[in-house]
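Structure first, then comments.
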Amino acid sequence: MAARGCGGVWRRARQCGAGRPGPGPAPFPRRQRAVACNARGGAVPAGKSGLAPWIPVVGLEIHAQISSNSKLFSGSQVQFAAPPNSLVSFFDASLPGTLPVLNRRCVEAAVMTGLALNCSINKKSLFDRKHYFYADLPAGYQITQQRVPIAVNGSLSYSLCIDNKMSQMVTKTVRIKQIQLEQDSGKSLHDDTRCQTLVDLNRAGVGLMEVVMEPDMCSGEEAAAAVRELQLILQTLGSSQAVMAEGQLRVDANVSVHHPGEPYGVRTEVKNINSIRFLAKAVDYEIQRQIEELENGGTILNETRAFDSKLGCTVPMRDKEGKQDYRFMPEPNLPPLILYDAKSLPANMNHQQVINIDWIHERLPDLPSVKREKLVEQYGILPEHSFTLLNEDGLAEFFESVVNQTQMKPKKVIGWILNDLLSYLKQHSLTVKESPVSSFLLADLLNLLEKKEISSTAAKQVLVELWKGEGKTPLEIVKEQKLELLQDQKELEQICQAVIDGQENE
């Protein structure tokens with residue numbers, strides 16, 4: 001189902017985490033695979049009940065907006081923050097007689113993403129109609145892939161720190177159940193003051209990839225690390241810009257808790273989380289809320305909740321006790337999506353009219369995990385430093401540019417990049433591309449330091465001046481402020497002698 005900005009009608013919670021009595025629905029389906037519950041593999045300790053420790057279970061559904069000039073089934077342009085309802089075709093508005101035309105770019109992006117996530121690509125996938133009523137869904141149904149999605153059975157490896165120590169990292173893997181193509185919905189803007197809802201259909205019909213992860217995670221930290229790695233992969237592939245602040249990556253988290261040896265507990269779904277930091281907080285809060293509710297004799301309802309970032313808690317949105325009948329049916333206006341590989345591609349087929357899985361696979365760029373390995377191997381930096389370089393957009397390229405322009409060893413350059421450059425950028429809320437100090441200027445400064453023309457203390461003084469962005473070079477600043485190290489031994493001796501003579505006169 002397409003992720004929404006505000007789905008359903010809000011019900012005011014009595015207080016954050018307040019439980020409500022009532023019988024619980026059927027438990028979360030039990031999986032055969034054992035799941036570790038944190039970086040060390042332990043479970044949440046037993047609470048006041050003194051029973052066995054609790055085991056949290058976390059699964060994610062992630063909606064990634066595909067980077068495409070036009071929508072999934074129409075030629076309408078895709079543009080963030082365009083004037084409301086300015087990018088809506090007749091098909092997007094569901095006018096009678098309009099038909100969907102599949103966007104090739106969206107299919108290629110989904111195949112590319114599936115291959116990067118070690119999925120099996122279905123050579124034949126199907127489109128379905130998912131019926132439900134919502135004001136921002138003009139047709140009354142969403143075109144999605146319910147029966148046979150485009151990619152299945154993949155995996156994503158991600159790393160996380162132990163006890164928040166970058167030097168102690170562990171690699172984990174979450175299984176990818178499937179990746180499916182589907183339409184996004186429009187956006188409902190609720191005006192409580194005027195008691196009305198306005199609908200913007202600019203987003204209606206935009207292509208989405210829904211990445212469904214199996215419940216293999218056990219904490220907010222794990223969920224956040226997995227989503228961050230997925231975000232990096234999508235951005236590396238170019239299949240999605242994955243900017244969460246612009247709604248290009250939205251996460252639904254399914255959370256439950258149970259005791260060892262027992263069936264999985266009743267799950268709740270926390271919808272539309274738009275920040276990795278909020279995801280970690282929402283999952284951890286929901287785990288703790290469920291544990292406290294159960295230990296106080298309450299029950300967990302199968303419901304949809306939202307994370308209130310201001311209050312730092314999840315709040316109820318709507319119940320899920322009654323299973324909604326979406327009346328899935330095959331999409332009658334779209335034939336099966338047929339893909340090929342090198343072996344199955346017919347000799348007389350027009351290559352421009354089909355999608356070749358092998359052709360896409362051969363052109364996959366280096367993924368973040370490979371880039372990190374290359375950075376460590378090529379420059380001799382610590383593995384944890386490679387994570388920092390890739391986690392900041394453009395920082396790895398900046399680092400390599402500096403290294404290529406300076407005589408300083410990469411191990412020393414990385415210190416200036418992470419301790420000085422990155423600290424300044426974060427302090428002033430700037431991106432790497434917005435840095436007033438270019439890679440050329442920083443390399444020029446480090447060359448002066450490496451040649452011992454200035455001291456490290458002087459170099460930091462020069463860097464402070466460079467941040468002002470006045471267009472001066474490091475050498476010009478050094479000369480203006482007379483920060484050079486003295487190289488002439490006779491001149492140094494004369495200075496020392498003058499100091500000594502001055503002391504004698506006193």
Quick one: Ile454 ticks every box in (1) under 20 Å from Glu400 (Cα atoms); (2) buried (at least 21 other Cβ atoms within 10 Å of the Cβ) except a single one, so which number is it?
(1)
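Looking at this structure, is Thr197 out of contact with any Lys or Arg (no Cβ under 8 Å at 6 or more places or on another chain), part of a strand (DSSP E or B), more than 18 Å from Gln248 (Cβ to Cβ) and open to solvent by 30 Å² or more (accessible area, probe 1.4 Å)? Explain how you work it out, then say what you get.
Details: out of contact with any Lys or Arg (no Cβ under 8 Å at 6 or more places or on another chain): yes; part of a strand (DSSP E or B): yes; more than 18 Å from Gln248 (Cβ to Cβ): yes; open to solvent by 30 Å² or more (accessible area, probe 1.4 Å): yes.
So Thr197 fits the description; yes.
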Within the range 225-249, how many residues are open to solvent by 10 Å² or more (accessible area, probe 1.4 Å) and either in a loop (DSSP other than H, G, I, E, B) or closer than 12 Å to Leu279 by Cβ (or both)?
9
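Of Ala18, Ala93, Ala26, Ala39, which residue is at pLDDT below 50, touching a Leu at 6+ places or on another chain (Cβ under 9 Å) and among the aliphatic types (A, V, I, L, M)?
Working: Ala18 fails: touching a Leu at 6+ places or on another chain (Cβ under 9 Å); Ala93 fails: at pLDDT below 50; Ala26 fails: touching a Leu at 6+ places or on another chain (Cβ under 9 Å).
The unique qualifying residue is Ala39.
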Here are some residues: Leu51, Leu102. Which one is at pLDDT 95 or above, out of contact with any Ser or Thr (no Cβ under 9 Å at 6 or more places or on another chain) and not in a strand (DSSP E or B)?
Leu102
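Please count how many residues of the range 142-164 are assigned to a strand (DSSP E or B) and modelled with pLDDT of 95 or more.
Start the filter on the range 142-164 by keeping residues that are assigned to a strand (DSSP E or B), which leaves 142-144, 151-162.
Those left that are additionally modelled with pLDDT of 95 or more: 142-144, 151-158.
Final tally of qualifying residues: 11.
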Any idea which residue in the range 297-313 is farthest from Tyr264 (Cα to Cα), counting only those that are surrounded by fewer than 18 Cβ atoms within 10 Å (Cβ to Cβ) and not hydroxyl-bearing (Ser, Thr, Tyr)?
Lys310
If the Cβ limit is 9 Å and pairs must be 6+ apart or interchain, which residue in the range 104-120 that is without any contact (Cβ under 8 Å) to a residue 24 or more places away in the chain pairs with which residue that is among the β-branched types (Val, Ile, Thr) and open to solvent by less than 10 Å² (accessible area, probe 1.4 Å)?
none
The range 250-278 - residue that is within 25 Å of the chain's Cα centre (by Cα) and farther than 18 Å from Met213 by Cα and, of those, least open to solvent (accessible area, probe 1.4 Å):
Phe278
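The values are calculated or read from the model by the stated rules, or taken from the named source; none is laboratory data. If you're wondering where the values come from, they're calculated on a predicted model, not measured in any experiment. Glycine gets a Cβ as well: all are built from the backbone with ideal geometry, and neighbour counts include every protein chain shown. Protein only, heavy atoms only, side chains kept; ligands, DNA and RNA dropped before computing areas. Shrake-Rupley method; radii C 1.70, N 1.55, O 1.52, S 1.80 Å.
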